[in-house]
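To keep things clear, I will list the structure first and then write my remarks on it.
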Amino acid sequence: MSTDVSSNAADATAPGPAPAGPAPAAPAAPAASTVKAAQAAPSAPVKMPRESVTIIATLLVATFVVILNETIMNVALQRLMVDLGVTAPTVQWLSTGFMLTMAVVIPTTGFILQRLSTRAVFLLAMGLFSGGTLLAAVAPGFGVLLLARIVQAGGTAIMLPLLMTTILTLVPLERRGAVMGNVSIAISVAPALGPTVSGLILQHFSWRFMFVFVLPIALAALVIGARYLTNIGETEKTRLDVLSVILTIPAFGGLVYGLSQIGGGDAESRTPAVLALAVGVVAMAAFVLRQLALQKSDRPLLDLRAFRFRMFTVSVLLLVVAMIALFGAVILLPLYLQEIRGLKSLETGLVLLPGGLAMGLLGPVIGRLFDKVGPLPLTVTGSVMMVLALWQFSMLDAASPVAWIIALHVMLSLGLALLFTPAFTTGLNPLPPHLYSHGSAILSTLQQVAGAAGTALLVSIYAFVAAASGMVAGMHAAFLTAAVISVAAVVLSAMMRKTEGAAHPAAH
């Protein structure tokens with residue numbers, strides 16, 4: 001079996017990686033017996049212990065549920081504007097606020113994963129998510145619904161790094177590409193089903209039933225996890241730096257709010273947006289400086305030493321560019337289908353379904369290809385497909401055939417599938433075990449910030465141009481902007497190389 005490692009010391013500027021080869025028999029970090037077994041290194045393909053498979057499967061089910069919830073709102077925004085009596089920029093905060101909350105909470109997950117047991121983190125995440133879902137189902141108005149989405153986001157934010165860190169801990173290097181590919185089934189099919197499920201529900205029921213539908217699934221995942229999930233690793237007595245947590249709010253909030261408001265209005269109305277952007281930049285700089293200072297005493301909220309590994313940095317940048325384009329397109333395409341083409345909610349969901357299913361079903365194939373050929377041919381092909389699809393989206397008009405729209409969305413989805421699994425695996429592989437949770441948190445944080453910023457920026461461009469020249473022109477401008485941004489992904493993809501795993505655990 002081909003492995004996803006190679007002896008390329010230039011992939012990381014930090015010392016530590018050893019020549020490629022079987023994973024060491026010793027555990028990469030203090031862990032339970034299942035971790036030791038999973039990281040043993042026989043010459044034949046490693047078969048993971050049943051307990052490890054159970055842990056990952058449980059986390060995958062929970063992740064599927066929370067990601068399904070994240071995308072279930074996309075088709076419902078138009079209905080919510082009417083039912084709740086709010087404007088388009090206001091209702092957009094149900095999506096942007098969700099991602100912003102995740103961006104603020106995810107940096108703390110490195111601390112949470114080190115301080116609490118695996119089971120406690122899971123129960124916290126799914127407890128928050130289930131509570132937020134119940135609150136959303138009974139929300140009397142927009143304010144309570146937004147609060148419920150923020151509570152849901154807190155649980156979702158914890159689940160994603162927990163899944164990634166667990167995979168890094170339990171799965172041997174030679175199987176990580178394949179496992180990441182299988183993970184993509186859950187994290188790709190869920191977004192695909194979200195709009196379709198939402199459209200079907202809205203066709204026959206109130207918007208509240210979107211949450212009524214998700215709640216029993218979330219509660220079932222919570223019960224299963226409470227019953228079967230076991231702990232991996234050992235907890236550490238780390239301290240939470242409150243100042244770092246406080247700085248994440250103006251840093252990420254200021255940047256996204258500024259981007260969402262700066263695209264329209266006159267010079268006077270844009271002044272608050274410019275100020276918000278300035279505050280965001282300053283707070284982000286202060287946050288980074290604070291982490292660098294805390295690293296000297298080994299207690300940063302987010303350990304930025306992960307960026308010393310070249311392939312981690314390149315992979316992060318690639319994922320940021322892809323998420324800016326993806327989240328913008330995920331919001332813009334339903335708007336185009338409903339506002340310009342006049343499709344109903346269910347029809348919109350069905351148009352988006354084939355692309356999402358293709359992305360998920362291709363995941364295992366891409367994982368196996370990654371183990372054989374490495375990231376370069378996959379990411380270059382995927383980034384080119386993404387640019388071409390977004391460019392073609394910028395040429396759609398009111399008469400474009402639905403079949404062509406579906407074909408373009410499938411093309412975009414396949415391109416993203418070729419990017420995500422290789423970028424995640426290539427970026428995280430070279431990190432030493434003590435940076436697993438921090439690397440996962442950095443990736444997840446910047447994904448959410450990029451997604452929120454991409455949504456805010458592209459929707460602002462759409463609204464600004466549409467107000468002056470019509471909705472079709474607004475869509476052209478927004479999708480063309482996404483295509484131009486995506487060109488950077490082609491450049492970054494060309495820099496991708498196979499990465500080797502850290503041979504020895506670095507001490508805290």
Exercise for review: Putting +1 on Lys and Arg Cβ atoms and -1 on Asp and Glu Cβ atoms, find which of A306, V387, V282 reaches farthest to the positive end of the dipole of the stretch 273-398.
Suggested key: A306
Revision key, fill the gap. In terms of the alpha carbon gyration tensor, root eigenvalues a ≥ b ≥ c, rounded if a/c is under 1.5 and otherwise prolate when a/b exceeds b/c or oblate, the stretch 358-457 is oblate
Review point. Which lysines have a Cα lying under 21 Å from the Cα of K237, excluding residues fewer than 8 positions away in the same chain?
Key: K296
Exercise for review: Restrict the search to the stretch 103-136; then list the chymotrypsin sites (Phe, Trp or Tyr not before Pro) that DSSP places in a loop and that have at most 12 other Cβ atoms within 10 Å of their Cβ.
Suggested key: none
Exercise for review: Kindly report, to the nearest 10 Å², the accessible surface of L135 as traced by a 1.4 Å probe over protein heavy atoms only.
Suggested key: 60 Å²
Point to revise | Heavy-atom accessible area per residue - the stretch 408-508, 1.4 Å, Å² | key: 28 Å²
**Study point:** Computed E for L292/V373 - FRET, C-beta separation, R0 45 angstrom, nearest 0.05
**Key:** 0.75
Check your understanding: Can you give the accessible area of Y257, probe radius 1.4 Å, in Å² rounded to 10?
Key -> 90 Å²
**Study point:** Relative contact order (percent, whole number), the stretch 61-206, Cα cutoff 8 Å, 6+ residue spacing
**Key:** 40 percent
**Study point:** Extension gain (nm, one decimal) between R497 and K344, 0.36 nm per residue minus Cα-Cα
**Key:** 50.7 nm
**Study point:** J(HN,Hα) series, the stretch 99-106, from Karplus relation 6.51 cos²θ - 1.76 cosθ + 1.60, nearest Hz, glycine and proline x
**Key:** 5, 5, 4, 4, 5, 7, 7, 4
Review point. So how much slack lies between R115 and R299, counting 0.36 nm per residue of separation and subtracting their Cα-Cα distance, in nm?
Key: 65.0 nm
Practice item. Provide V491, V75 ordered by accessible surface of protein heavy atoms (probe 1.4 Å), highest first. Key: V491, V75
**Study point:** Residue-span extension gain [A285 to V245] - 0.36 nm each, minus C-alpha spacing
**Key:** 13.0 nm
Review point. Tell me which lysines have Cα within less than 21 Å of K47's Cα, excluding those fewer than 8 residues away on the same chain?
Key: K36, K372
Check your understanding: Counting only protein heavy atoms and using a 1.4 Å probe, what share of the accessible area of the stretch 327-423 belongs to carbon plus sulfur, as a whole percent?
Key -> 74 percent
Check your understanding: Accessible area, 1.4 Å probe, largest first: how do D298, D303 sort?
Key -> D298, D303
Point to revise | For the stretch 142-159, Karplus couplings with θ = phi - 60° (6.51, -1.76, 1.60), whole Hz, Gly/Pro x | key: 5, x, 5, 5, 5, 4, 5, 5, 5, 5, 4, 4, x, x, 4, 4, 6, 5
Exercise for review: Under 1.5 on a/c is rounded, so check that first for the stretch 252-372, then, if it is not, pick prolate when a/b is larger than b/c and oblate when it is not; a ≥ b ≥ c are the square roots of the alpha carbon gyration tensor eigenvalues.
Suggested key: oblate
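The values are calculated or read from the model by the stated rules, or taken from the named source; none is laboratory data. Computed from a predicted model, the values in this text were never measured in an experiment. Note that we place each Cβ from the backbone using ideal geometry, even for glycine, and neighbour counts take in every protein chain shown. Only protein heavy atoms, including side chains, enter the accessible area calculation; ligands, DNA and RNA are left aside. Shrake-Rupley method; radii C 1.70, N 1.55, O 1.52, S 1.80 Å.
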